[in-house]
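Engineer: Quick one: the structure is below, questions incoming.
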Amino acid sequence: MPTQYTTYDQVPWFRKWWFAAIGCFVFMPAIVVMAFTGSFYFPKQGRAQAFAPWYKFFLLSLCLLAILGYVLEDKQEPPKVTATISESELNAMFNESMDKAAEVKVPALEQRTAPAASPGTSPTITTPVASVACGGSKTIFACTTTKGKAVEVCDSGETLQYSFGRKGDTPELAISVPRSKASTFQWDGTGSRMTYSVQIPNGNTVYEVFTAIDRMSDQHEMAAGINVEVAGKHAVTLTCQVDTVVHYLEGIALKAAL
């Protein structure tokens, strides 16, 4: 038998109407359980008056509707979309940037071998020579890629020129940038690979020519190539044929790459 109260003051606080009202907003399922295990009371002419039995089912209906609304709202929440750029889109952006570049007539590159490194030291660097392809400027990097494309970076003092294309043909890409826009990475003396690079920007595209020599191996194997970055994302790496590489990147007077 549920407890009978004669006056409202005898009703415990957790069975009073105001507790039920607050509980409906805080945690309705608990109020529904309490309603089916007892009664809530309100004062009427100084006496404790219990709510009619139907209020229990009313509370239960409200609780079920609230739960249903929450579930439906969760299912209809639009998925979060993260902007991504696929590899095919990056390649398309790279090709577009090449098509928009200005074309200049550049003779074929000479095949020259980079100076060898002695054990535990960086390669011996001599004064860069003026090449025919650079038109009298200093060649700081040149190679033929594994796909047969000729790449050359020329230093004319105020500007740096970058050209790319099939040997003997008009270059597919030829750009010139102020020296202040280019940057470099210089090996800091740590690690097993002596890495040097120069970055040349062209709009939202950056061309980075690089060399890396394994100073710990007996043969001092060298890798060289061109990294292409489009809109802040790596698009492609072009690998150079090692025996065609000419590099004078060490000690070049450019601002440090970020």
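The values are calculated or read from the model by the stated rules, or taken from the named source; none is laboratory data. As the structure is a computational prediction, the values presented were derived from the model and not from experiment. All Cβ positions, glycine included, derive from the backbone under ideal geometry; neighbour counts span all protein chains shown. Protein only, heavy atoms only, side chains kept; ligands, DNA and RNA dropped before computing areas. Shrake-Rupley method; radii C 1.70, N 1.55, O 1.52, S 1.80 Å.
Engineer: Can you give me the solvent accessible area of residue 175 with a 1.4 Å probe, rounded to the nearest 10 Å²?
Structural biologist: Solvent-accessible area, nearest 10 Å²: 20 Å².
Engineer: Could I ask something else about it? Kindly identify the range 179-255 as rounded, prolate or oblate by the Cα gyration tensor criterion: order the square roots of the eigenvalues as a ≥ b ≥ c, call it rounded if a/c is under 1.5, otherwise compare a/b with b/c, prolate if a/b is larger, else oblate.
Structural biologist: It is prolate, given that a/c is not under 1.5 and a/b is the larger ratio.
Engineer: Given a cut-off of under 8 Å on Cα pairs at least six residues apart, what relative contact order in percent is computed for the range 214-258? Before the final figure, lay out each step's value.
Structural biologist: On the way: 32 pairs, mean separation 11.8, N = 45.
Relative contact order for the range 214-258 comes out at 26 percent.
Engineer: Given Cα pairs under 8 Å that are at least 6 residues apart, what percent is the relative contact order of the range 185-238? All intermediate terms of the calculation are to be shown ahead of the outcome.
Structural biologist: Numbers: 101 pairs, mean separation 14.3, N = 54.
Relative contact order for the range 185-238 comes out at 27 percent.
Engineer: Expected output is a single nm value to one decimal: the length gained when fully extending between residue 42 and residue 65, i.e. 0.36 nm times separation in residues minus the C-alpha distance. What is it?
Structural biologist: Numbers: separation 23, 0.36 × 23 = 8.28 nm, distance 2.55 nm.
Additional length available on full extension: 5.7 nm.
Engineer: Let me spell out the model: positive unit charges on the Cβ of Lys and Arg, negative unit charges on the Cβ of Asp and Glu, origin at the Cα centre of the range 154-258. What dipole size does that give, in debye rounded to 20? Don't jump to the answer; show the numbers that get you there.
Structural biologist: On the way: 8 positive and 12 negative charges, 63 e Å.
I would put it at about 300 debye.
Engineer: Under a point spin-label approximation (7 Å from Cα along Cα-to-Cβ), what is the residue 242-residue 217 distance to one decimal in nm?
Structural biologist: My value for the distance between the label points is 0.5 nm.
Engineer: Something else about it: Report, in listed order, any pair from 138/167; 167/233; 138/233 with a Cα-Cα distance greater than 21 Å.
Structural biologist: Result: 167/233; 138/233 exceed 21 Å.
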